[in-house]
1. I'd like to verify a number: residues in the range 355-376 that are touching a helix residue (DSSP H, G or I) at 6+ places or on another chain (Cβ under 7 Å) and surrounded by fewer than 21 Cβ atoms within 10 Å (Cβ to Cβ), how many?
2. Could you list all residues from the range 70-102 that are in a loop (DSSP other than H, G, I, E, B) and at pLDDT 95 or above?
3. If we scan the range 134-152, do we find a residue that is touching a residue at least 24 places away in the same chain (Cβ under 8 Å), of a type in the set (D, E, K, R) and within 24 Å of Q238 (Cα to Cα)?
4. So how many residues does the range 18-54 have that are within 26 Å of the chain's Cα centre (by Cα), part of a loop (DSSP other than H, G, I, E, B) and over 13 Å from T137 (Cα atoms)?
5. When the range 115-157 is examined, which residues are found to be of a type outside the set (S, T, Y), outside any loop (DSSP other than H, G, I, E, B) and farther than 27 Å from E361 by Cα?
6. For A356, state whether it is assigned to a helix (DSSP H, G or I), touching a Ser or Thr at 6+ places or on another chain (Cβ under 9 Å) and farther than 27 Å from G188 by Cα.
7. Could you check, for the range 326-348, whether at least one of its residues is in a loop (DSSP other than H, G, I, E, B), closer than 19 Å to Q261 by Cβ and either free of Cβ contacts under 8 Å to residues at least 12 places away in the same chain or not basic (K, R) (or both)?
8. In the list F105, F112, which residue meets the criterion of being at pLDDT 95 or above, crowded, with 24+ Cβ neighbours inside 10 Å and either aromatic (F, W, Y) or not in a strand (DSSP E or B) (or both)?
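The values are calculated or read from the model by the stated rules, or taken from the named source; none is laboratory data. Since the model is a prediction, treat every value here as computed from it, not as a measurement. Note that each Cβ is placed from the backbone with ideal geometry, even for glycine, and that neighbours are counted across all protein chains shown.
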Amino acid sequence: MDNFIYHNPVKLLFGRGQIARIGREIPKGARVLFAYGGGSIKANGVHGQVAAALDAAGLAFVEFAGIEPNPRYETLMKAVELARSEKLDFILAVGGGSVVDGCKFVAAAIPFAGDPWDIVARRARLDGAVPLGAVLTLPATGSEMNGFSVVSRQETGEKLGFGSPLVMPAFSVLDPETTYSLPPRQLGNGIVDAFVHVLEQYLTVPAAAPLQDRLAESVLSTLVEIAPAVLRDPPDYQARANLMWCATMALNGLIGQGVPQDWTTHMIGHELTALYGLDHARSLAAVWPGVAAVCRAGKRAKLLQFAARVWGLADGAEDARIDAAIARTCAFFASVGVPAGTAAHGVPADAPAVVARRLAERGGLPLGETGGVDAAAVRAILETAAG
């Protein structure tokens with residue numbers, strides 16, 4: 001196990017009714033940017049709960065709506081301008097991971113002296129950020145308990161990320177009842193997103209870190225166990241609560257401490273989203289089978305462990321067990337409505353060359369836990385993922 005420093009200051013308010021407490025978590029006298037996506041939080045009552053909590057605490061707030069899935073830089077800069085003009089000094093992100101990611105960028109951009117796009121494009125140094133909190137309505141990305149954000153820019157066709165402890169939420173509310181109005185597509189996306197987040201930190205190379213391995217395996221096994229109940233209608237509170245907790249645990253930094261991490265699936269998936277508009281989770285399901293195949297030799301030991309501990313495949317020839325584990329993972333994705341492989345998502349035939357070129361031109365290569373994924377490997381991954 002490698003050396004590490006782990007500090008996560010995010011305060012979680014978990015469970016039904018916790019939205020009413022947000023006024024106690026925001027500094028008195030703060031002027032709040034209440035930011036969200038579309039109209040769903042008004043239809044399901046979350047908007048009213050948040051507004052009531054802010055009013056009860058005597059907090060002034062200005063609303064900003066319209067943050068998209070895969071939040072766009074162009075939209076977020078309008079929020080930055082609003083916050084600056086209205087002298088807003090606290091951000092409350094209400095929505096899924098895209099809203100939280102977008103608000104992290106806004107928090108960093110408000111006091112930033114240069115071109116805000118440099119925050120993601122050049123990983124510019126941050127000297128400060130506006131504090132923020134979150135009310136989560138879609139469990140998937142783990143953004144509610146980490147300092148990472150991914151932003152898309154329509155003008156350039158890029159999807160890039162940044163990370164800073166300065167944009168970790170001061171608090172996040174996780175009320176499973178906020179998920180009750182989610183359609184099956186978003187629930188399935190959330191399950192796959194959380195699952196692949198764990199795989200990126202777990203399916204690498206052995207690191208003499210048995211506790212991290214078993215924490216990761218517990219999240220994976222729990223997602224498999226609860227998925228049918230998560231998708232059931234009417235909503236199952238306990239299933240939704242466990243999905244929320246799994247998605248948070250998948251990317252709050254705990255399972256990744258002291259171990260190598262991959263993120264190849266994400267980096268290639270971001271390109272598919274930027275180029276072809278795939279949902280984030282669907283881009284991950286599209287790419288992952290190719291990564292598992294092309295990087296199989298380097299991941300062999302952990303693939304066998306994954307097969308045994310998550311899928312119960314402990315007997316038979318090793319290669320057959322690995323094949324079966326990959327097949328079961330793809331079947332699991334399909335079972336929640338997110339098919340694996342690029343063909344199912346309409347990714348064009350020239351994507352392997354286009355994606356490899358874009359990553360190389362941006363200096364994003366090599367990828368992988370050992371730095372073994374170069375442009376040729378990216379092409380092979382997408383070609384293999386096409387079936």
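1. Taking the range 355-376 as the starting set, the residues that turn out to be touching a helix residue (DSSP H, G or I) at 6+ places or on another chain (Cβ under 7 Å) are 355-356, 358-360, 364-365, 367-368, 373, 375.
From what's left, surrounded by fewer than 21 Cβ atoms within 10 Å (Cβ to Cβ): 358, 360, 364-365, 375.
The number of residues fulfilling the criteria is 5.
2. Our first condition is that a residue be in a loop (DSSP other than H, G, I, E, B); within the range 70-102, this holds for 70-71, 86-89, 96.
Answer for the range 70-102, where residues must be in a loop (DSSP other than H, G, I, E, B) and at pLDDT 95 or above: P71, E86, K87, L88, D89, G96.
3. yes
4. Total meeting the criteria: 1.
5. Taking the range 115-157 and keeping what is of a type outside the set (S, T, Y), we get 115-136, 138-140, 142, 144-148, 150-151, 153-155, 157.
Next cut, outside any loop (DSSP other than H, G, I, E, B) only: 118-121, 132-136, 144-145, 148, 150-151, 153.
Selection gives L132, G133, A134, V135, L136, E144, M145.
6. Taking the combined requirement at face value, the residue does not satisfy it.
7. Let us first name the residues in the range 326-348 that are in a loop (DSSP other than H, G, I, E, B), namely 336-342, 346-348.
With closer than 19 Å to Q261 by Cβ added as a condition, the list becomes none.
No, the conditions are met nowhere in the range 326-348.
8. Working: F112 fails: crowded, with 24+ Cβ neighbours inside 10 Å.
Residue meeting the stated conditions: F105.
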